[in-house]
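The values are calculated or read from the model by the stated rules, or taken from the named source; none is laboratory data. Predicted model only: the values in this text are computed from it and were never measured. Note: ideal-geometry Cβ built from the backbone for every residue, glycine included; neighbour counts use all protein chains shown.
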Amino acid sequence: MSHVIGIDLGTTNSCVAVCENGQVSVVPNAGGYKTTPSIFALAENGKRLVGHFAKRQAVTNPKNTVYASKRFIGRNFDCESVQRAAEYTPYELVRGSNNDVRVQIDDKEYTCQEIAAIILHEMKRVAEEYLGEPVTQAVITVPAYFNDTQRTATKDAGQIAGLEVLRILNEPTAAALAYGMGKKTERIAVYDLGGGTFDISVLEMSDGVIEVLSTAGDTFLGGEDFDRTIVGHLVQEFDKEQGIDLGADSMALQRLKDAAEKAKCDLSLRTTAEVNLPFIANGDDGPCHLNIELTREILETLVGDKVRATMVTVEKCVADSKVAVKDIDQVILVGGQTRMPLVQSTVAEFFGRVPHKGVNPDEVVAVGAAIQGQSLVAKDDTPVLLLDVTPLSLGIATFGGNVTHIIERNSTVPIRRKHVFTTTRDDQQSVKIRVLQGESMISRENDLLGEFELMGIRPAPKGEPEIEVTFAIDANGIVSASAQDLATGLEQSITVNASGTLPPDEVERIMEGIDLDEIEFKE
Ligand code: AMP
């Protein structure tokens, strides 16, 4: 039986694991590292690079080095967080034909799906080298709070990478699977703060069943934001000392970003860290050097509001789960940013318990994905029953800019729900169904997943026709919708194709055009 790999496609780093003879191994890359930077670059000599190779040349080639692209996958180019990010992203973001976000490098436009595919392909290759055989199937994880568009885009990336994606699995659910379960029922909270996203889930685990009770999060909050705040502080301090603004120098900013992240990680172990960047700028009297001391206290002042922001989401999620804080038996930390002492103490204080230390926050998600992959193909094992939830409510736009929710957030998936609508004008022959995802009751404040038109409705006075709309969310969290005129039986269905995703023919076109084997990967 061929192996199914579990891939944690992270904002900052990715990790791959595989299940062999009941044991899960996290697979190291050729350089011996168990995580690989989720970075793609086009080097100055025209070579395409991925992983550590790409990271190493980022400082001298910031415009052609794409990092943290997971923040843009499946996003609408016009959305506020993308526009804000475009201001500080050193590589160029451009609008794609379906309003998706693309990256312009030289004269080529890369879709975020292609970039994710390059990273996924690299993880596939790492696993193949380790196993000594081809790998074709994978479980890929996504933040629990990813919407339909982001999930579809990730699945498309898997396909472009030459993988059959057996399941798109939520990261906290994967972490719970890796944590394992005993005979007694346990309620656990998974607090996941990675490079780009924050997620919190409350789960109940009993013998053979993992049930997600609630989930909440922010897909634009993570360690990258911490780094950016530190960079802002360093720029300000340098300006005060030397009267030079480094903010417009993309090479200096890339060096500052690296140094800020390093200092941040050092400050998880120590209380002070030096940021030393010689020859960072040229002043009137020659080269200037940056030498600034950061303390843990300064760092905590700089990013304290971000840590506190996560706790507001935690409170909401725990309230949604209907489990009292005192009844939560275990807290699991996932994501590199949870190594920060302030994060750990804030979480411990809220839950009144020290988080579980037995899992590696960088590897636990890939391990869970590999376990899930194995259980999807091994017919003889009794699979763990995973009852996951949809993070966002699903509804349709109704008259007057309102929304009618058809599936509420935190409903267990897969799920199928029907709702009957009618016309608002006499003899109305068509209705437009606009599928929305989000919590606001005002339609324009939600994500528009797609729209379709049901035509040929039998002429009738307004309010008489009955149009039944069915929404389905599959186990991957991916949405489909259909509408039927109950009088004529006329039906139209769509697999929702929102702006931010790619039409199927575009995915095929990319698959034909991309040569993944030409990418340099050797350490
Ligand atoms: P992940 O997406 O889980 O790979 O998390 C990556 C994020 O964790 C990045 O923003 C890293 O800078 C951050 N990170 C990794 N190690 C540490 C550490 N020791 N202390 C603080 N942050 C860390």
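Just a few scattered comments:
- Matching residues in the stretch 196-218 - criterion: being under 16 Å from VAL347 (Cβ atoms) and either among the aromatic types (Phe, Trp, Tyr) or surrounded by fewer than 22 Cβ atoms within 10 Å (Cβ to Cβ) (or both): PHE198, ASP218
- Residue selection: CYS19 fails the criterion of being within 15 Å of GLY373 (Cα to Cα), within 13 Å of the ligand (Cβ to nearest atom) and hydrophobic (A, V, I, L, M, F, W, C).
- Strands (runs of 3 or more DSSP E) wholly inside the stretch 184-272 that include at least 1 residues being of a type in the set (Phe, Trp, Tyr): 186-193, 198-206
- Selected residue (only one of THR423, THR346 is hydroxyl-bearing (Ser, Thr, Tyr) and either out of contact with any helix residue (DSSP H, G or I) (no Cβ under 6 Å at 6 or more places or on another chain) or closer than 30 Å to VAL135 by Cβ (or both)): THR423
- Total residues in the stretch 69-90, condition among the small types (Gly, Ala, Ser) and farther than 15 Å from PHE146 by Cα: 2
Residue-wise test of (1) crowded, with 16+ Cβ neighbours inside 10 Å; (2) touching a residue at least 40 places away in the same chain (Cβ under 8 Å); (3) not in a helix (DSSP H, G or I).
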| site | (1), (2), (3) |
| --- | --- |
| VAL94 | no, no, yes |
| SER97 | no, yes, yes |
| ARG102 | yes, no, yes |
| TYR110 | yes, yes, yes |
| GLN113 | yes, yes, no |
| ILE119 | yes, yes, no |
| LYS124 | yes, yes, no |
| GLU128 | yes, no, no |
| GLU133 | no, yes, yes |
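- For ALA58: the one exception among (1) more than 20 Å from the chain's Cα centre (by Cα); (2) modelled with pLDDT of 95 or more; (3) within 16 Å of the ligand (Cβ to nearest atom): (2)
- Enumeration of residues in the stretch 31-51 that are out of contact with any helix residue (DSSP H, G or I) (no Cβ under 7 Å at 6 or more places or on another chain), more than 14 Å from the ligand (Cβ to nearest atom) and not in a strand (DSSP E or B): GLY32, ALA43, GLU44, ASN45, GLY46, LYS47
- Hits in the stretch 59-86 (condition: surrounded by fewer than 22 Cβ atoms within 10 Å (Cβ to Cβ) and either of a type in the set (Val, Ile, Thr) or assigned to a loop (DSSP other than H, G, I, E, B) (or both)): VAL59, THR60, ASN61, ALA68, PHE77, ASP78, CYS79, VAL82
- Residues of the stretch 171-204 that are more than 16 Å from the ligand (Cβ to nearest atom) and touching a Phe, Trp or Tyr at 6+ places or on another chain (Cβ under 8 Å): ILE188, ALA189.
- Of all residues in the stretch 215-241, those that are in contact (Cβ under 8 Å) with a residue 12 or more places away in the chain and away from the ligand (no atom under 16 Å from the Cβ) have Cβ atoms under 6 Å from Cβ atoms of residues that are of a type in the set (Gly, Ala, Ser) and not in a helix (DSSP H, G or I), 6 or more apart or on another chain, in THR215/ALA144; THR215/SER201.
- Test: residue in the stretch 387-397 that is within 16 Å of the ligand (Cβ to nearest atom), crowded, with 20+ Cβ neighbours inside 10 Å and not in a strand (DSSP E or B): no
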